[in-house]
Amino acid sequence: MTERLLVCGIGSGMDHSLAELRSGGRELVVVTDTPTGRAQAAADVLLVCDPTDGTAVLAELSAAGVDRLDGVFSLGADNPPVISVLADRFGCPGLPLETALNCTLKDRRLAILREAGLDLPRFATAESVEEALRAVAEVGLPAVIKPSDQTGSLGVIKVDSPGAVRERAAEALRLSPVGRIVVEEFLEGTEHTLAAFMVDGELHRFGFADREYGRKEEFAPYFFEGGDTLPSRLTEERIEEITDTVRRGARALRLDPAVINTDILRTRDGRVVLLEITCRLTGARIATEVMRLATGVNPLPNLVRLALGRPLDLSELRPTRDGAAVQRFLPADGGVVEWVGNPRDAARRVGVHDVFWGIELTPGTVVPPYRGGSDVLAGVIAYADEPAEAEAIAERALRALPLRFKSSAR
């Protein structure tokens, strides 16, 4: 019988990897709310709906006559609870819903990690502005306010003064479907992304990147992440220290077997703080393209094996390349588009893997002020022998973007 895989949810740019999931002996069902040309070309069955709405996904599958699945996962989309619901409904391998919720809802995740003794920021939860005022008083300033149930830095806001708490808390609460926010102590240091598989209590790391935050507070109170860099500037000893923290966090949350994405902060005084850990593939093309350009490791075959309940091939997680790769973003921060060309025109140079728009741009497009991590104007993926060289290639490609704004500020 032909194996049938469901890809439920496609993270930003991750449709580039859909074609690799096709196989002569496999049927690919894709659920997405952004049916790109790549998704249409790769899918045997393409269903258009919100991949974070389990009820809607089940209804679409039923309407399409899909009554059997052999494996289900997202491609960098942050919807583990829906993946768990679908796996249970169709009898596929997968984590329990409670486990998926524990790593997706920030307040639950923090409580479990604290109970396990991991180093965390001081934090408190709130379900109203008044509770947020008390939470900030408990945690202290500066603080970071986050919707408990949102992803992609949506609604993540820094608060520096008591007078700003009401407005910032109200904004974060509006963005939370369940009406709950987390208030965390603001910590400074370097941030990193670790990608891994966790199976039988063992963590198999296949990627480690430094997150670029040189312009982190340029758009305060919102944070801007400029991309990722491989290899890391950290020593191997410090990387292993971080890996051990992720392993402890994965075990505490019972993420096994699972593919794991993390966000880790190493403070200036050497603390290793697990900011995020969840059971999904690292998105935004990081695990599938950026890390792969630097290391040669392709996680997709093992992602499929995991979804089908088969053993991993650990040999495929060993690096075959020792290079450098970066992804760099430009923030979308206001202006009216006067003229726009094909970003591929900036990609025709050595070391440029891809250049892309983060939003749809046409003459007359009004770009709003920057409000969070998903507001990306454009991005580039570049590679070279050394990180500094790859960074320089990326910067040149972004400067050459075929785009002109009417705004004089541009």
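Applying 1/(1 + (r/R0)^6) with R0 = 22 Å to the Cβ-Cβ distance of ASP50 and ALA170 gives a FRET efficiency near 0.30. In this simple spin-label approximation, LEU314 and ARG348 carry label points 7 Å from Cα along the Cα→Cβ vector, and these lie 4.7 nm apart.
Can you name the helices of the chain, as whole DSSP H runs, whose Cα span along the helix axis is 24 Å or more and whose Kyte-Doolittle mean is not below -1.0? Sorted by number, the helices that extend far enough and score high enough are 236-253. Under 17 Å of direct C-alpha separation, and excluding same-chain neighbours fewer than eight residues apart, LYS146 reaches these lysines: LYS106, LYS158, LYS216. Inter-label distance, ARG114 to ASP322: 4.4 nm, where each label sits 7 Å from its Cα along the C-beta direction. Taking 7 Å steps out from each Cα toward its Cβ at LEU141 and ARG404 produces label points 4.6 nm apart. Net length available on complete extension from ASP244 to ALA220 is 5.4 nm, with 0.36 nm assigned per residue and the Cα-Cα distance removed. Which shape class applies to segment 3-94: rounded if a/c is under 1.5, otherwise prolate when a/b exceeds b/c and oblate if not, where a ≥ b ≥ c are the square roots of the Cα gyration tensor eigenvalues? Because its axes are fairly even, with a/c under 1.5, segment 3-94 counts as rounded. Dividing the Cα radius of gyration of segment 122-185 by 2.2 N^0.38 Å, with N the residue count, gives 0.92.
The string of couplings for segment 322-336 from the Karplus curve (6.51, -1.76, 1.60, θ = phi - 60°) is 10, x, 10, 8, 9, 10, 10, 10, 9, x, 8, 9, x, x, 10 Hz, one whole number per residue in order, with x for Gly and Pro. Distance between the C-alpha centres of segment 262-276 and segment 285-313: 25 Å, rounded to the whole angstrom. Look at the alpha carbon pairs under 8 Å that are at least 6 residues apart: their mean separation over the length of the chain gives a relative contact order of 13 percent. Here the gap between VAL129 and ASP269, fully extended at 0.36 nm per residue and compared with their Cα-Cα distance, gives a gain of 47.1 nm. Rounded to the nearest Hz, the phi-derived 3J(HN,Hα) couplings of segment 373-378 under the Karplus curve 6.51 cos²θ - 1.76 cosθ + 1.60 (θ = phi - 60°) are x, 7, 8, 9, 6, 7, where x marks glycine and proline.
Bear in mind that the values in this text are calculations on the coordinates, not laboratory data. The structure displayed is predicted, hence computed values, not measured ones. Counting neighbours? That spans all protein chains shown, and the Cβs are built from the backbone with ideal geometry, glycine included.
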